[in-house]
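*Asks:* There's a structure below that I have some questions on.
The values are calculated or read from the model by the stated rules, or taken from the named source; none is laboratory data. Model, not experiment: these values are computed from the prediction. Here the Cβ positions follow ideal geometry from the backbone for every residue, glycine too, while neighbour counts run over all protein chains shown. Accessible surface is based on the protein model in full, side chains and every heavy atom, while ligands, DNA and RNA are left aside. Shrake-Rupley method; radii C 1.70, N 1.55, O 1.52, S 1.80 Å.
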Amino acid sequence: MNGCVIMSDKCALCKAAAKGDGMRKLFSIVAAVIAATSASSSPPQATPISVSIAADRAGPKINRDIFGQFAENLGTGIYGGVWVGEGSTIPNVRGLRTDVLTALRALKVPSVRWPGGCFADEYHWRDGIGPRAKRAVTVNGSWGNALEKNDFGTDEFFDFIQQIGSEAYISVNMGSGSVKEAADWMAYMTADPGTTAGAERAANGHRDPHKVKFLGIGNESWSCGGAYRSEYYVDEMKRYARFVRNLNLKQQGTDNPTGGSVAGSNPMQRIAVGPGSPGTDYTEAVMRAWKGHDWSWSIEGLSLHNYTWVSWPPSYASTGFGEREYATLIKDTLKMEDMIRIHSAVMDKYDPEKKVPLVIDEWGVWLAKLPGSRDGFLHQQNSIRDAIIASINLNMFTRHADRVRMTAIAQMVNVLQAMILTDGPKMVLTPTYHLFKMYVPFQDATRLPITFDAGIYRFGDVSVPRIDAIAARAADGKLWIALTNIDANAPAQIDAQLQGIWARTASGTVLTADRVDAVNTYDKPDSVVPRQIAARVSNGRISLTLPPRSVTVLSVTE
Ligand code: AHR
């Protein structure tokens with residue numbers, strides 16, 4: 001292979017050696033392949049990298065739900081980050097901060113997962129409805145024992161997602177709650193105002209039923225959600241799937257005058273807990289149960305959690321790091337590919353038609369907390385490295401778009417790999433925010449087959465692919481290409497050829513920075529922001545130079 005890693009839809013990102021106890025064997029084989037490949041000579045960096053896009057051959061749809069986000073009652077993710085209260089001097093709309101709403105709107109966030117995470121399994125929804133002065137004051141035992149005043153509850157959450165134009169992904173409490181509590185919550189959210197539950201919601205200012213597009217049945221039930229054996233989880237999951245009903249008849253389609261259970265155009269999807277490691281215990285148990293399900297229950301998604309953290313507890317710094325840390329975290333990110341492949345293979349066994357999506361509803365870079373920040377608040381900075389890691393993850397998701405049809409990055413504001421950081425009235429957009437904005441055109445686009453020589457970027461004994469790329473045709477017919485140059489030092493020359501069309505122009509934006517640890521701060525918010533880039537187009541071929549440590553998104557006219 002001439003020292004290159006060939007990338008295509010079939011042979012996606014190279015499986016750089018990943019960590020993970022159960023799969024050590026598989027990973028060491030993969031590591032050996034990488035090592036062997038690395039030993040051969042890389043092409044000179046100045047040699048253009050050929051990219052070939054089959055613009056006339058459509059692949060699967062890149063479901064826009066792949067670009068979902070997660071906002072947990074954790075640290076300042078909600079309080080301070082999203083919710084400041086109506087009486088705040090920080091400009092707000094019904095208590096939700098205006099600057100954050102405006103920024104999120106531009107990302108076209110398809111769904112927001114709430115209230116957790118681990119917090120979901122100790123959240124009692126009744127604490128967070130009705131007049132705020134009368135709400136329960138509790139302690140967030142999952143996250144730093146913070147005081148939870150429950151000011152941001154169910155109705156505030158729906159106001160939030162409506163204001164940013166998103167949809168609800170509600171995780172119900174399966175750890176310390178009950179089927180009845182979850183069913184009652186769903187009735188409060190979705191029942192007709194003619195019912196007692198719906199009337200209570202109406203009395204709280206929301207006459208029309210809310211729409212719950214996704215329902216999470218538990219969270220990490222193998223750990224913080226109750227440490228259940230997979231068999232126990234499956235038995236409980238069936239009860240929740242059966243009785244936690246969405247009563248929004250318009251959404252479910254059961255208001256069909258002829259009766260029956262005709263699905264609406266956008267019925268709720270129930271998402272079961274799945275794996276958080278290469279071990280397939282939960283995947284097997286849930287999918288086996290799904291294959292044998294009868295009319296009385298089902299699920300429409302299996303969750304997978306996978307973070308970039310190298311090892312637990314996360315110790316890598318989010319600022320002031322060097323190239324070794326950069327390369328190591330990129331390599332650790334590539335284990336997502338193995339996670340998807342391992343668990344998709346089990347799903348394929350029970351569900352070859354890929355009816356059940358793999359829902360990667362927690363992913364991202366989990367780093368050491370910022371010095372001086374509170375324990376349990378998971379507050380970290382966000383660098384160009386993290387944006388590059390987001391592009392690598394999103395590209396992997398699109399390559400598996402037939403199975404991976406929804407994800408949620410952890411998390412939205414102030415927590416882990418956040419889009420936005422706030423400090424009192426100050427707000428700054430992170431490199432990951434800009435990356436998500438650049439990728440908006442890929443929402444609901446059709447993936448196009450692409451092949452290229454990924455090459456190798458090495459730092460010491462760490463080897464990873466040097467280039468990553470995806471291409472897609474948007475619903476409006478426009479063609480888009482995303483190109484990531486992972487190499488921390490060398491630019492990459494691209495020579496792209498598009499089969500089936502004649503390219504006329506190619507231009508877009510590039511996100512890069514002068515250092516791998518570059519971040520945006522309240523004082524310098526524009527250190528890592530996208531800038532315009534135009535490619536040369538000659539005889540239908542596109543050529544451009546990708547700066548080191550960069551992501552470029554181009555739109556092509558034909
Ligand atoms: O995203 C932070 C936490 O990580 C979530 O609450 C939990 O589900 C996971 O372990």
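*Asks:* Can you say whether Gly85 is over 29 Å from Pro431 (Cβ atoms), away from the ligand (no atom under 14 Å from the Cβ) and open to solvent by less than 20 Å² (accessible area, probe 1.4 Å), as far as the supplied structure shows?
*Replies:* Details: over 29 Å from Pro431 (Cβ atoms): yes; away from the ligand (no atom under 14 Å from the Cβ): yes; open to solvent by less than 20 Å² (accessible area, probe 1.4 Å): yes.
Yes: the conditions hold for Gly85.
*Asks:* Then there is this: I'd like to know if segment 250-268 contains one or more residues that are crowded, with 18+ Cβ neighbours inside 10 Å, out of contact with any Gly (no Cβ under 7 Å at 6 or more places or on another chain), at pLDDT below 95 and not aliphatic (A, V, I, L, M).
*Replies:* Yes - at least one qualifying residue is present in segment 250-268.
*Asks:* Scan segment 306-324 for residues that are in contact (Cβ under 8 Å) with a residue 24 or more places away in the chain and out of contact with any Leu (no Cβ under 9 Å at 6 or more places or on another chain) and jot them down.
*Replies:* If the condition is that a residue be in contact (Cβ under 8 Å) with a residue 24 or more places away in the chain and out of contact with any Leu (no Cβ under 9 Å at 6 or more places or on another chain), then Asn306, Ser311, Gly320, Gly322, Glu323, Arg324 are the ones that fit.
*Asks:* Continuing with the same structure: Just to check your reading of the model, which residue among Arg536, Arg531 is under 25 Å from the mean Cα position of the chain (by Cα), modelled with pLDDT of 95 or more, under 23 Å from Ala471 (Cβ atoms) and open to solvent by 20 Å² or more (accessible area, probe 1.4 Å)?
*Replies:* Details: Arg536 fails: under 25 Å from the mean Cα position of the chain (by Cα).
Result of the check over Arg536, Arg531: Arg531.
*Asks:* So, in segment 346-365, how many residues would count as being assigned to a helix (DSSP H, G or I) and open to solvent by 10 Å² or more (accessible area, probe 1.4 Å)? First the steps, then the outcome.
*Replies:* Kept after step one, since they are assigned to a helix (DSSP H, G or I), are these residues of segment 346-365: 346-350.
Adding the requirement that they be open to solvent by 10 Å² or more (accessible area, probe 1.4 Å) leaves 346, 348-350.
The qualifying residues number 4.
*Asks:* Could you list, in sequence order, all residues of segment 262-306 that are hydrophobic (A, V, I, L, M, F, W, C) and in a loop (DSSP other than H, G, I, E, B)? Working first, answer last.
*Replies:* If we filter segment 262-306 for residues that are hydrophobic (A, V, I, L, M, F, W, C), which is where we start, we get 262-263, 268, 271-273, 285-287, 289-290, 295, 297, 299, 302, 304.
Those that are hydrophobic (A, V, I, L, M, F, W, C) and in a loop (DSSP other than H, G, I, E, B): Val262, Ala263, Met268, Val273, Trp295, Trp297, Ile299.
*Asks:* Which condition breaks for His343 when tested against (1) within 20 Å of the chain's Cα centre (by Cα); (2) in a loop (DSSP other than H, G, I, E, B)?
*Replies:* Here His343 meets the rest and fails (2).
*Asks:* Now, a different point. Count, please, the residues in segment 82-118 that happen to be among the aliphatic types (A, V, I, L, M) and not in a loop (DSSP other than H, G, I, E, B).
*Replies:* Narrowing segment 82-118 to residues among the aliphatic types (A, V, I, L, M): 82, 84, 90, 93, 96, 100-101, 103-104, 106-107, 109, 112.
From what is left, the residues that are not in a loop (DSSP other than H, G, I, E, B) are 93, 96, 100-101, 103-104, 112.
Adding up the residues that qualify gives 7.
*Asks:* Quick one: Lys180 ticks every box in (1) surrounded by fewer than 22 Cβ atoms within 10 Å (Cβ to Cβ); (2) under 23 Å from the mean Cα position of the chain (by Cα) bar one, so which box is it?
*Replies:* Looking at each condition in turn, Lys180 falls short on (2).
*Asks:* Every residue in segment 390-405 that is open to solvent by less than 10 Å² (accessible area, probe 1.4 Å) and more than 16 Å from the ligand (Cβ to nearest atom), please. Please lay out each step first, then the result.
*Replies:* Pass one, segment 390-405, residues open to solvent by less than 10 Å² (accessible area, probe 1.4 Å): 390-398, 401, 403-404.
Once the filter is applied, which keeps residues that are open to solvent by less than 10 Å² (accessible area, probe 1.4 Å) and more than 16 Å from the ligand (Cβ to nearest atom), segment 390-405 yields Ser391, Ile392, Leu394, Asn395, Met396, Phe397, Thr398, Ala401, Arg403, Val404.
*Asks:* Looking at segment 340-368, I want the residues that are more than 14 Å from the ligand (Cβ to nearest atom) and have a partner that is among the basic types (Lys, Arg) and open to solvent by less than 10 Å² (accessible area, probe 1.4 Å) with Cβ atoms under 7 Å, at least 6 apart or on another chain. Which pairs are those?
*Replies:* Close Cβ pairs satisfying both conditions: Ser344/Arg403; Met347/Arg403; Lys354/Arg403; Pro357/Arg403; Leu358/Arg403.
*Asks:* Looking at segment 59-78, can you tell me whether even one residue there is out of contact with any Phe, Trp or Tyr (no Cβ under 8 Å at 6 or more places or on another chain), among the β-branched types (Val, Ile, Thr) and at pLDDT 95 or above?
*Replies:* Taking every residue of segment 59-78 in turn, none turns out to be out of contact with any Phe, Trp or Tyr (no Cβ under 8 Å at 6 or more places or on another chain), among the β-branched types (Val, Ile, Thr) and at pLDDT 95 or above.
*Asks:* Just checking: which of the strands (runs of 3 or more DSSP E) contained wholly in segment 367-464 hold 3 or more residues that are under 16 Å from the mean Cα position of the chain (by Cα)? Spell out how you get there, then give the answer.
*Replies:* Details: elements: 404-410, 420-423, 426-429, 446-448, 450-453, 456-459.
It comes to 404-410.
*Asks:* A further question follows. Among the residues of segment 467-480, which ones are open to solvent by less than 10 Å² (accessible area, probe 1.4 Å) and either assigned to a loop (DSSP other than H, G, I, E, B) or farther than 13 Å from Thr398 by Cβ (or both)?
*Replies:* Let us first name the residues in segment 467-480 that are open to solvent by less than 10 Å² (accessible area, probe 1.4 Å), namely 467-472, 479.
Within segment 467-480, Ile467, Leu479 meet the criteria.
*Asks:* Which members of segment 52-76 meet the condition of being within 16 Å of the ligand (Cβ to nearest atom) and out of contact with any Leu (no Cβ under 7 Å at 6 or more places or on another chain)? Lay out the reasoning, then the answer.
*Replies:* Within segment 52-76, the first condition is being within 16 Å of the ligand (Cβ to nearest atom), and the residues that meet it are 68-76.
Within segment 52-76, Gly68, Gln69, Phe70, Ala71, Glu72, Asn73, Thr76 meet the criteria.
*Asks:* Oh, and also: Take the residues in segment 96-145 that are of a type in the set (Gly, Ala, Ser) and crowded, with 19+ Cβ neighbours inside 10 Å; name whichever of them is farthest from the ligand (Cβ to nearest atom).
*Replies:* Residue satisfying both the conditions and the ranking: Ala103.
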